[in-house]
């Protein structure tokens, strides 16, 4: 059943909560791929998503965003990504593709449904949502690892007239007030937004720790093609520390080339703010009209998942998405969850297919046995 809607066999419980075998929290690429494999396995499920339609989260990214993943590796299982395989799609093309994917497989999704709370209930879980309670025997959390924009406390020391925005809310240069802009953070998002702003603003790019650098293409073929063929991206990461401390790779031109070509001024790490002044680690400072915080995102699971499954920093304790402390609960799509590919569009299918196998086996063997099995897989 690849292009037919899964039959959720919904029933009303005594407390009027809708019940499903599996509830998926998040209708982005991870949730849709999990649904695809659940359909094929004929497992009843529902997807709960806060947005109004598939691909909505992609449409909210900044206007000029272009992926550094070639089209061939923007595909989800069962549906070809349109256009030439070796090109770099923009964010709206990805959003259109996600919408088409949802329509092709007619997945059972509740749009405009935010999950407020998740807790254990009976032999499964209860999810309190903005459109009513849902109970499920098993739950996949597929919201992505980082949903909360992180802005450092020093931002509070900037004067009210200094325009501030996090990359999660940045759209285009016309929305950024003033002339001189400091972009704090020089990973992929910060570097791309600095280039976007350089056409209309005086831009300073503040770099923290230097990042490894790789080209978008090597010998004319997208970098992810090489990572796939060489088995680098799908290779399991060994141990929790290895998974949590893998550095981001700056993909594309080096920072030196970026700043030289676009007239951007590269500065040291930002260490403080005072009024309209931004201070850098090397003792220098600059007066700014605006600051773009390209300072990343943080886990938010612990704010709504009421289960004792989190370690330091709100990181869920899981092995390839399986939570031993909470049988029937799974995570999907987290960065470096199991491999470099766990948080990437093409490779999320590997973890999704694995989790659906665990879902099918749930109740037929002890959780400890399942955990031991996947720990050695």
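Structural remarks
- Rounded tilt (10° steps) of 29-40 against the dominant C-alpha axis of the chain: 20 degrees
- Once C-alpha pairs closer than 8 Å and six or more residues apart are averaged by separation and normalised to the residue number of the chain, the relative contact order reads 20 percent.
- When shorter helices are ignored and each DSSP H run of at least 4 residues is given -39500 (n - 2.57), the per-residue value for the chain at 222 nm works out to -6500 deg cm²/dmol.
- Cα-based Kirkwood hydrodynamic radius, the chain, one decimal, Å: 22.1 Å
- Crossing angle, helix 348-361 versus the chain [Cα axis fit, 0-90 degrees, rounded to tens]: 20 degrees
- Between helix 188-198 and the chain there is an angle of about 40 degrees, using the helix long axis and the longest principal axis of the Cα atoms.
- Counted over the chain, the DSSP beta bridges are approximately 45% antiparallel.
- Each peptide in 333-339, 33-39 was scored by the mean count of other Cβ atoms within 10 Å over its residues; highest first, the order is 33-39, 333-339.
No lab work stands behind these numbers, since they all come straight from the coordinates. This one's a predicted model, so the numbers in the text were calculated from it and none came from an experiment. FYI the Cβ positions are ideal-geometry reconstructions off the backbone, even for glycines, and counts take in every protein chain you see.
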